[in-house]
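Everything on this sheet refers to the single structure shown next.
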Amino acid sequence: MTRPADEAAPGFTIETEIAVIGGGLSGTLAAVTLARAGYDITLIDRHAVYPPDFRVEKIGGEQVSILKRLDLLGALEASAVEFDEIVNARRGRILDRTRTRHYGFLYEDLVATMRAQLPATVRFVVGRVDDLKTGVDRQTVSVLNQGTVNARLIVLATGMGDLLRRTLGIKRRFIHQRQSLTFGFGVKPASGANFRYPALTYYGEKVSDGIDYLSFFPVEGGTRANLFTFRDHRDPWVKELRQSPKETLLATLPGLPKVLGDFEIVDRVQNWLMDIAVAEDCRKPGVVLIGDAYQTSCPAAGTGVSRLLTDVERLCTVHVPQWLKTSGMPASKIATFYDDARKQAADASALRLAEYRRSLTVATDLRWRTRRLMLLSRRRLVDSIDRHAPAVGATIRLLRSQAA
């Protein structure tokens, strides 16, 4: 996989073209893509093996298309569970079905799979970065109690961590603090048989519950559930869900067993409190931010991976090749990435969808009550057409996907 560890012995000084800091999904994908293009890459992360972490666990649509363009779809297919239909339901009734290729996985397994794609030329340094010095010509990364990495460019892919951004004078502008609260847990059929539907999305039954939807989907070895809510993390309901998850879900979503069947929760409930924030003052020489290090996304909107993959694709296939053709890494070069039209479109779409999902779930004014009613009615109509006139339903779904 990567270069032998003895190249990163204590006291080392590594000279490299690009230092990627952060070995989660965004950093790993950037390192793979850049190394495959022939650049000298050093990837730095605190974990030799990425630990269990509750993050994205399902992808589909345009995310799959970008992975295919990056020649990483095959690796995903070998490690994730494919499914082509999701049944969508509410209040014990089926609304419609989503028919497109999706993949389910655990986040740490996906990171491990993508790390396995790192070319042998990549140096992998396990350690904590405690200081950065950046400039037009050269960047210095200090790895605590180990050594330094000197690079032409730093790619900062440290997720929501603020320490290194603050070191560089980069701030965060909060658009919505504590915007959403997401839960994840494993489930299995209580009867020991299979679930009625391999993949199910069940929407909240009452606006006052603050539940957007509960998603069930297959992963290696079982079924995973992700619950997307817009509730205060201090709400007693949150504690009840952690302590008695099945009972709390049944009380909040009484129609769920009608479409899912009886179920058991097989592991502890994880949770993820998300702030929506964007990096500011980040157009600095020698360093570029990608993924959540630049902008966070609402998990319910499902745009985090789309943004991450757009960042990786545009940075690694368009901008870095242009930047490295000439000497120096001034802020004017870095700015071309942040000004990239496709990146900006992905970022803006994520912010719009974050606000849309929250308003659609919890807003009580007439505008949003009407919109919810119209959306549900339209979905039921399309499903009826789909069942009785499949060809017409297929055309409607195609037109909707093109419009999106």
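The values are calculated or read from the model by the stated rules, or taken from the named source; none is laboratory data. Because the structure is a prediction, the values reported are computed rather than measured. Cβ placement follows ideal geometry from the backbone for every residue including glycine, while neighbour counts extend to all protein chains displayed. Ligands, DNA and RNA are stripped out before the accessible areas are found, and what is left, the full protein with its side chains, is counted by its heavy atoms. Shrake-Rupley method; radii C 1.70, N 1.55, O 1.52, S 1.80 Å.
Some values worked out for this structure:
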read-out: Any strands (runs of 3 or more DSSP E) falling wholly within region 100-219 and containing at least 3 residues that are farther than 30 Å from residue 328 by Cα and of a type in the set (Gly, Ala, Ser); value: 171-189
read-out: Odd one out for residue 360 among (1) in a helix (DSSP H, G or I); (2) more than 20 Å from residue 227 (Cβ to Cβ); value: (2)
read-out: Scan of region 235-262 for residues that are exposed (fewer than 15 other Cβ atoms within 10 Å of the Cβ), outside any helix (DSSP H, G or I) and within 27 Å of the chain's Cα centre (by Cα), ordered by number; value: 235
read-out: Total residues in region 209-260, condition among the basic types (Lys, Arg) and either touching a Gly at 6+ places or on another chain (Cβ under 9 Å) or under 26 Å from residue 194 (Cβ atoms) (or both); value: 4
read-out: Pairs where the first residue, in region 356-371, is closer than 21 Å to residue 299 by Cβ and the second is at pLDDT 95 or above and among the acidic types (Asp, Glu), C-beta under 6 Å, 6+ apart; value: 357/212; 361/212
read-out: Options 159, 104, 147, 204: the member that is more than 30 Å from residue 351 (Cβ to Cβ), touching a residue at least 60 places away in the same chain (Cβ under 8 Å) and surrounded by 15 or more Cβ atoms within 10 Å (Cβ to Cβ); value: 147
read-out: Filter pass, residue 131 being farther than 24 Å from residue 301 by Cα, in contact with a Ser or Thr (Cβ under 6 Å, 6 or more places away or on another chain) and surrounded by fewer than 14 Cβ atoms within 10 Å (Cβ to Cβ); value: yes
read-out: Test: residue in region 78-89 that is open to solvent by 20 Å² or more (accessible area, probe 1.4 Å), at pLDDT below 95 and under 26 Å from residue 114 (Cα atoms); value: yes
read-out: Residue within region 36-46 that is open to solvent by 10 Å² or more (accessible area, probe 1.4 Å), out of contact with any Leu (no Cβ under 7 Å at 6 or more places or on another chain), modelled with pLDDT under 95 and not charged (D, E, K, R) present; value: no
read-out: Among (1) open to solvent by 50 Å² or more (accessible area, probe 1.4 Å); (2) closer than 19 Å to residue 61 by Cβ; (3) not aliphatic (A, V, I, L, M) - the single one residue 93 does not satisfy; value: (2)
